[in-house]
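The values are calculated or read from the model by the stated rules, or taken from the named source; none is laboratory data. The structure presented is a predicted model; accordingly, all values stated were derived computationally and were not measured. Here the Cβ is made from the backbone with ideal geometry for all residues, glycine too, and neighbour counts use every protein chain on show. We work out accessible area using only protein heavy atoms, side chains counted, and drop any ligands, DNA or RNA first. Shrake-Rupley method; radii C 1.70, N 1.55, O 1.52, S 1.80 Å.
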Amino acid sequence: MLIINDLSIHYKSKQGDNPVICHLSFQLQEGESLAILGPSGCGKSTLINALAGSLAAESGTMEFAARDQGYPLSPKQHKIGLIPQNCGLLPWKTVRENCLLPLKIRKEYHKNKHTQELNRLSKALNIQDILNKYPNELSGGQLQRSAIARAFLLEPDLLLMDEPFSALDEITRAEARELFLRVWKYQKPTTILVTHSIEEALYLGNILSVMDAQGGNIKYQKNNPYFGQLYPDHADYLTAKQILRQQLVTKEEGMDTFE
Ligand code: ADP
Ligand code: MG
């Protein structure tokens with residue numbers, strides 16, 4: 001279970017403190033997939049980076065228990081698969097080396113198993129031909145697919161994805177989303193997916209939340225009956241989309257909800 005309690009994150013600069021996440025609290029059960037929607041600049045990437053351990057919190061706690069590993073949340077103790085918004089591949093390593101690096105750092109690399117697994121993922125993500133290339137030789141979509149392969153190969157306990165499909169063309173995006181669902185059903189990592197697509201959130205999050213434009217908090221959280229359904233043939237689905245859209249643009253509390 002992931003337990004975020006009263007988390008606040010500020011950026012400090014010469015102009016002063018810029019509070020981005022303010023007293024954020026939420027919980028996520030093990031093996032759930034939370035999709036977070038929110039307007040640009042509301043702090044989604046900040047939250048993901050803090051969960052991944054690359055940003056320090058001003059105050060509050062982040063705890064995570066998975067497969068009997070203890071608190072608090074830390075990249076050393078927990079297997080965290082991160083797909084950052086900029087993909088985060090090391091420029092001096094090839095795609096293959098980038099994909100294998102987290103396993104090697106954790107001393108969990110097994111040549112036979114992971115060569116096979118990387119081949120399988122590369123085929124599914126159509127990156128077989130670029131495994132020996134360097135990040136600066138790749139397109140935005142190829143970088144994203146490589147970052148997805150790296151995260152899945154790790155078989156993480158906690159999977160953090162920051163707009164992981166945004167640079168993909170429509171067909172590749174549809175395939176990558178399906179692959180995510182297949183891998184998620186098989187590996188069952190506790191997942192947080194940040195996306196700006198309402199349809200993607202409804203497809204890939206079994207729980208949906210919306211972050212406030214200001215104040216860095218989650219103002220809406222709901223179970224999602226449309227999880228894993230590509231084109232639900234249901235009038236209520238359109239209503240759900242409409243409600244999420246409203247949530248994204250309004251500052252009011254106590255809006256409509258669906259289930
Ligand atoms: P989102 O991912 O929701 O678009 P971010 O988490 O990237 O939002 O940014 C939230 C706010 O924090 C924005 O106002 C942004 O300008 C600011 N911000 C992001 N990164 C930094 C940084 N490294 N230093 C200072 N301010 C930052
Ligand atoms: Mg962002």
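Figures for the structure shown
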quantity: The listed residue being open to solvent by 60 Å² or more (accessible area, probe 1.4 Å) and under 20 Å from Arg182 (Cα atoms), out of Asn126, Asn132, Asn136; calculated: Asn126
quantity: Residue that is more than 16 Å from ligand 1 (Cβ to nearest atom) and without any contact (Cβ under 8 Å) to a residue 60 or more places away in the chain, where the choices are Lys79, Lys111; calculated: Lys111
quantity: Top-ranked residue of segment 59-71 - restricted to ones that are open to solvent by less than 50 Å² (accessible area, probe 1.4 Å) and assigned to a loop (DSSP other than H, G, I, E, B), ranked as modelled with the lowest pLDDT; calculated: Gly70
quantity: Hits in segment 146-168 (condition: within 9 Å of the chain's Cα centre (by Cα), open to solvent by less than 10 Å² (accessible area, probe 1.4 Å) and more than 11 Å from Gln187 (Cα to Cα)); calculated: Leu160, Met161, Asp162, Pro164
quantity: Given (1) part of a loop (DSSP other than H, G, I, E, B); (2) within 13 Å of ligand 1 (Cβ to nearest atom), number of the condition Ser74 does not satisfy; calculated: (2)
quantity: Failed condition for Ile9, given (1) within 15 Å of ligand 2 (Cβ to nearest atom); (2) in the same structural domain as Val194 (by the TED database); (3) open to solvent by less than 60 Å² (accessible area, probe 1.4 Å); calculated: (2)
quantity: Residue tally, condition open to solvent by 10 Å² or more (accessible area, probe 1.4 Å), more than 16 Å from ligand 1 (Cβ to nearest atom) and in a loop (DSSP other than H, G, I, E, B), over segment 169-198; calculated: 2
quantity: Selected residue [closer than 20 Å to Asn49 by Cα, modelled with pLDDT under 95, outside any loop (DSSP other than H, G, I, E, B) and charged (D, E, K, R)] from Arg145, Arg150, Arg120; calculated: Arg145
quantity: Search result, residues across segment 93-108 that are surrounded by fewer than 18 Cβ atoms within 10 Å (Cβ to Cβ) and in a loop (DSSP other than H, G, I, E, B); calculated: Lys93, Arg106, Lys107, Glu108
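Residue-by-condition table, conditions (1) buried (at least 20 other Cβ atoms within 10 Å of the Cβ); (2) polar (S, T, N, Q):
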residue: Lys14; (1), (2): no, no
residue: Asn18; (1), (2): no, yes
residue: Leu24; (1), (2): yes, no
residue: Ser33; (1), (2): yes, yes
